[in-house]
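Asker: Handing you this structure, nothing more for now.
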Amino acid sequence: MLQLFVWVAAAHFLALLSPGPDFFLVVRTALAGGWRRALWTCVGIAAANALFIAAALGGMSLLAPDSLLFRLLQVAGGLYLIHLGWASWRQAAAAALEPAGLGAFSGTGPAPAADRWRSLREGFVSGALNPKNALFYASLAALLGAEVTTGWRWLMGAWMVLAVLGWDSLVAAAAGHDRVRRRFGRWLPALTRGCGAVLLASGCAMVGAAGLRR
């Protein structure tokens with residue numbers, strides 16, 4: 001069981017190292033609002049992953065790659081990423097109004113409650129509308145044999161949720177640190193537009209892939 005746990009943890013961590021929409025959403029939020037605000041995005045993403053992990057480990061495989069539900073989730077997720085990317089692109093110029101975009105969300109104090117909730121919501125919706133998360137965890141759970149007890153399954157699930165939260169939090173802390181944001185302040189609009197462009201491209205690709213499955 002310990003060897004299987006290590007294998008699952010390693011496979012999951014390697015998947016985390018591959019940058020996806022959630023990664024660029026965390027970076028965008030950290031650059032624009034500081035690491036404290038981005039941490040709420042990380043919590044939202046981890047909560048969405050927790051739902052998929054619980055469903056997969058509990059034997060609930062609701063999404064099949066060729067199902068209508070999968071395509072609908074793919075389109076919804078793609079449209080949401082397009083919305084986030086376009087919003088990032090439009091708001092990039094405002095990041096240059098203050099040095100390194102510092103101000104109310106400088107990371108030196110807590111973000112206002114409304115912005116914490118918005119960041120939490122953005123992270124959760126982004127993670128929940130990503131069908132690749134559901135497929136990945138379903139595939140990982142399918143590799144676990146019947147000999148894996150319920151206790152070990154939920155231990156693996158808890159570890160994966162903590163790994164998602166921990167990795168995203170490290171990304172948020174690195175991208176949203178005041179020193180980093182001050183040092184790259186002059187490039188903040190370009191970096192924000194870059195993250196927005198990646199989110200836009202990811203959303204378009206997701207919607208396009210759903211169309212090709214017809």
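The values are calculated or read from the model by the stated rules, or taken from the named source; none is laboratory data. Fair warning: this is a prediction, and the values are worked out from it, not measured in the lab. Glycine also receives a Cβ, built like all others from the backbone with ideal geometry; neighbour counts cover every protein chain displayed.
Asker: So, Ser88, is that one modelled with pLDDT under 80 and either among the polar types (S, T, N, Q) or assigned to a loop (DSSP other than H, G, I, E, B) (or both) or not? Give the steps one after another, and end with the answer.
Answerer: Values: modelled with pLDDT under 80: yes; either among the polar types (S, T, N, Q) or assigned to a loop (DSSP other than H, G, I, E, B) (or both): yes.
So Ser88 fits the description; yes.
Asker: Return yes or no: is Arg121 part of a helix (DSSP H, G or I) and modelled with pLDDT under 75? Please lay out each step first, then the result.
Answerer: On the way: part of a helix (DSSP H, G or I): yes; modelled with pLDDT under 75: no.
Considered against the rule, which asks whether it is part of a helix (DSSP H, G or I) and modelled with pLDDT under 75, Arg121 comes out as no.
Asker: Related question: Every residue in region 4-31 that is touching a residue at least 12 places away in the same chain (Cβ under 8 Å), among the small types (Gly, Ala, Ser) and within 30 Å of Trp89 (Cβ to Cβ), please.
Answerer: Within region 4-31, Ala15, Gly20, Ala30 meet the criteria.
Asker: Are any of the residues in region 52-70 at pLDDT 90 or above, in contact with a Phe, Trp or Tyr (Cβ under 6 Å, 6 or more places away or on another chain), surrounded by fewer than 24 Cβ atoms within 10 Å (Cβ to Cβ) and on the phi < 0 side of the Ramachandran plot? Write out each step before concluding.
Answerer: Step one: list which residues in region 52-70 are at pLDDT 90 or above, which gives none.
No, region 52-70 contains no residue that is at pLDDT 90 or above, in contact with a Phe, Trp or Tyr (Cβ under 6 Å, 6 or more places away or on another chain), surrounded by fewer than 24 Cβ atoms within 10 Å (Cβ to Cβ) and on the phi < 0 side of the Ramachandran plot.
Asker: Could you check region 127-137 and list, in sequence order, the residues that are buried (at least 20 other Cβ atoms within 10 Å of the Cβ) and aliphatic (A, V, I, L, M)?
Answerer: Ala128, Leu129, Ala134, listed by residue number.
Asker: Could I ask something else about it? Quick one: count up the residues across region 8-60 that are among the aromatic types (Phe, Trp, Tyr) and not in a helix (DSSP H, G or I).
Answerer: Our first condition is that a residue be among the aromatic types (Phe, Trp, Tyr); within region 8-60, this holds for 13, 23-24, 35, 40, 52.
With not in a helix (DSSP H, G or I) added as a condition, the list becomes none.
Qualifying residue count for the region: 0.
Asker: Restricting attention to region 142-178, which residues are part of a helix (DSSP H, G or I) and of a type in the set (Gly, Ala, Ser)? Steps first, please.
Answerer: Step one: list which residues in region 142-178 are part of a helix (DSSP H, G or I), which gives 142, 150-176, 178.
Passing the criteria: Ala142, Gly151, Gly157, Ala158, Ala163, Gly166, Ser169, Ala172, Ala173, Ala174, Ala175, Gly176.
Asker: So which pairs qualify, if the first residue must be in region 78-93 and buried (at least 24 other Cβ atoms within 10 Å of the Cβ) and among the aliphatic types (A, V, I, L, M), the second must be at pLDDT 75 or above and outside any helix (DSSP H, G or I), the Cβ gap must be under 9 Å, and the two must be at least 6 apart or on different chains?
Answerer: Leu81/Leu129; Leu81/Asn130
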